1. Kindly state which strands (runs of 3 or more DSSP E) lie completely within segment 80-152 and contain at least 1 residues that are in contact with a Gly (Cβ under 9 Å, 6 or more places away or on another chain).
2. Give the residue that is nearest to Arg71 (Cα to Cα), with candidates limited to residues of segment 99-119 that are touching a Ser or Thr at 6+ places or on another chain (Cβ under 8 Å) and buried (at least 19 other Cβ atoms within 10 Å of the Cβ).
3. Just the residues that are out of contact with any Gly (no Cβ under 7 Å at 6 or more places or on another chain), within 23 Å of Gly34 (Cα to Cα) and not polar (S, T, N, Q), please, taken from segment 8-22.
4. Within segment 21-41, restricting attention to residues that are under 30 Å from Gly52 (Cβ atoms) and open to solvent by less than 100 Å² (accessible area, probe 1.4 Å), which residue is farthest from the chain's Cα centre (by Cα)?
5. Can you find a residue that is modelled with pLDDT under 90, within 30 Å of Leu110 (Cβ to Cβ) and among the hydrophobic types (A, V, I, L, M, F, W, C) anywhere in segment 46-67?
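The values are calculated or read from the model by the stated rules, or taken from the named source; none is laboratory data. Treat the numbers as computed from the prediction; the structure is a model and nothing was measured. So basically every Cβ, Gly included, is an ideal-geometry build from the backbone, and we count neighbours across all protein chains shown. Side chains included, ligands, DNA and RNA excluded: accessible areas come from the protein's heavy atoms. Shrake-Rupley method; radii C 1.70, N 1.55, O 1.52, S 1.80 Å.
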Amino acid sequence: MRLGNLRPAAGATKDTKRRGKGAATGLGGTAGKGHKGKKARAGGKIPAWFEGGQMPLQRRVPKRGFKNPGRVEYQIVKVGRLSAAPAQAVVDAAWLRAQRIVRRPGPVKLLAGGELKTALKVKVDAASASARKAIEAAGGTIELQTPKPAEGTATS
């Protein structure tokens, strides 16, 4: 037995219906498409979004506001969350992810909130002025990195 000799079992397959090939086929004339109308014509498919002529959903719902496609969405970290780091440690996105302070990749913004007693070297994408003061008051330094725009957003 060879691969080229394999055939389906008897009765396992049926011949395709040969539409529009004459009255003897049982599907002659209109070929099962009924009489006239869009669906009887060649290429007469109704798109999935068509609602039978009633006002489409995307036009019925109210439109409000504006979604900025170039918006950079930061993950927020409070200064107090950094107190888990040892003194003189470098706190960057990789460290924050390892400590599960931030969960997803993307730009990180540091905000004031809580106390910091140890001097740290912090590398984040953005920081508030009060968060910067809190880091420097504890004897640490802060370095800002420019955030990369998210994929698929317009840059100009």
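1. Correct list: 121-124.
2. Top of the filtered list is Leu110.
3. Hits for segment 8-22 are Asp15, Lys17, Arg18.
4. Gly29
5. Scanning segment 46-67, I find no residue that is modelled with pLDDT under 90, within 30 Å of Leu110 (Cβ to Cβ) and among the hydrophobic types (A, V, I, L, M, F, W, C), so the answer is no.
One line per residue, one yes/no per condition, for (1) surrounded by 11 or more Cβ atoms within 10 Å (Cβ to Cβ); (2) closer than 30 Å to Gly139 by Cβ; (3) touching a residue at least 60 places away in the same chain (Cβ under 8 Å):
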| residue | (1), (2), (3) |
| --- | --- |
| Arg19 | yes, no, no |
| Pro47 | no, no, no |
| Val61 | no, no, no |
| Val77 | yes, yes, no |
| Val90 | yes, yes, no |
